[in-house]
Each structure stands twice: as structure tokens, then as C-alpha cells.
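Note sheet for the following structure.
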Amino acid sequence: MIEQKVSEMNKWFDEKIAACGQRDRELTADDRQDEAVFEKVKGNIYDNYRTMLGAGVRIGRGDPAAVKQFFIGWTETIPASWKTAYEKAKEHDDLARMQTEQVKLDVVHEIREQFEKVWEGAE
């Protein structure tokens, strides 16, 4: 059963990464570089969490609860520094940096929601 969940998540990650790549190309073609950068950032985060899922599966050795604990842990650990960076940017009225950090936080939130939806019933 865990294989199905991993496969579903990987398919979702692949679709998200492809969509970000497509959107990046479109925005770059329209000379909208700032927005294109956000798509690159999002694509990188999806890719990194896809890698984390694979690591969780290896470490969890097929135990869905262990994989979930590992993966959810990373959805809390990694964004902690992004939240701090957001707050520092806010203190300095650095709107561009705030926007970048918010994009990253939004993507991780979306990843976590998708993971929990897919993982439900896997244990």
C-alpha cells in the first residue's frame, strides 16, 4: 500500500515541477523575470521534497507511520528558517524578500496538505 502512496505523491510532484517549468518559460518569454524566479523557487522546493519523500521511504523501511513522521518533520524543520527570514524582511520593510519567503512557505503548506491527503489511510 505504501508504494501506491509514494507513487501518487511522486506523480503529483512531477506534475507540479513540470507546471513550474512551463510557467517559468512563459514568464521569461514575456520578460517577467521576477515572477519567473518564483516559479524556479517553487519547482526547486517541490523537487527537494520529492527527494525527502524518497529518503523517508528508505529510512522508514516501508513503515508508513515512520515515513509520515520523517516527511512531516521536514515540513516543519526546513520552513522554520524561512519564517525567520520573513520576519526579518518584514522588520526591514523588504517587500521583495517577504514575497520570496511567503512563496516558499505557501509551497511547503501545499506540499504538506497534499501529503496528508494522500497518506491518510496508509498506516
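Where a number appears in this text, it was derived from the coordinates with a stated rule and is not lab data. On a predicted model such as this, the values are computed, not experimentally measured, just so you know. Neighbour counts run over all protein chains shown; Cβ positions are idealised from the backbone, glycine included.
Going Cα to Cα from LYS16, which aspartates and glutamates come in below 18 Å? Please leave out same-chain ones fewer than 8 positions away.
GLU8, ASP24, GLU26, GLU35, GLU39, ASP47, ASP106, GLU110, GLU113, GLU116
Would you indicate which of (i) 82; (ii) 92; (iii) 120 is the value of volume of the Cα convex hull per residue in Å³ derived from the coordinates of this structure?
The listed entry that was calculated here is (i).
Just need the relative contact order of the stretch 28-119 here, percent rounded to a whole number, with Cα pairs under 8 Å and 6+ apart.
So the answer I get is 29 percent.
Suppose every Lys and Arg Cβ carries +1 and every Asp and Glu Cβ carries -1, with no other charges. What dipole size does the chain come out with about its Cα centre, to the nearest 20 debye?
Numbers: 19 positive and 25 negative charges, 88 e Å.
Taking the Cα centre of the chain as origin, the dipole is about 420 debye.
What does the net charge come to around ASP14 if you take all other residues with beta carbon closer than 12 Å to its beta carbon, with K and R at +1 and D and E at -1?
Taking every Cβ under 12 Å from that of ASP14, the sum is 0.
Would you mind checking LYS11/LYS90; LYS11/LYS104; LYS68/LYS90 for any pair whose Cα atoms are more than 31 angstrom apart?
LYS11/LYS90; LYS68/LYS90, as the Cα separations exceed 31 Å there.
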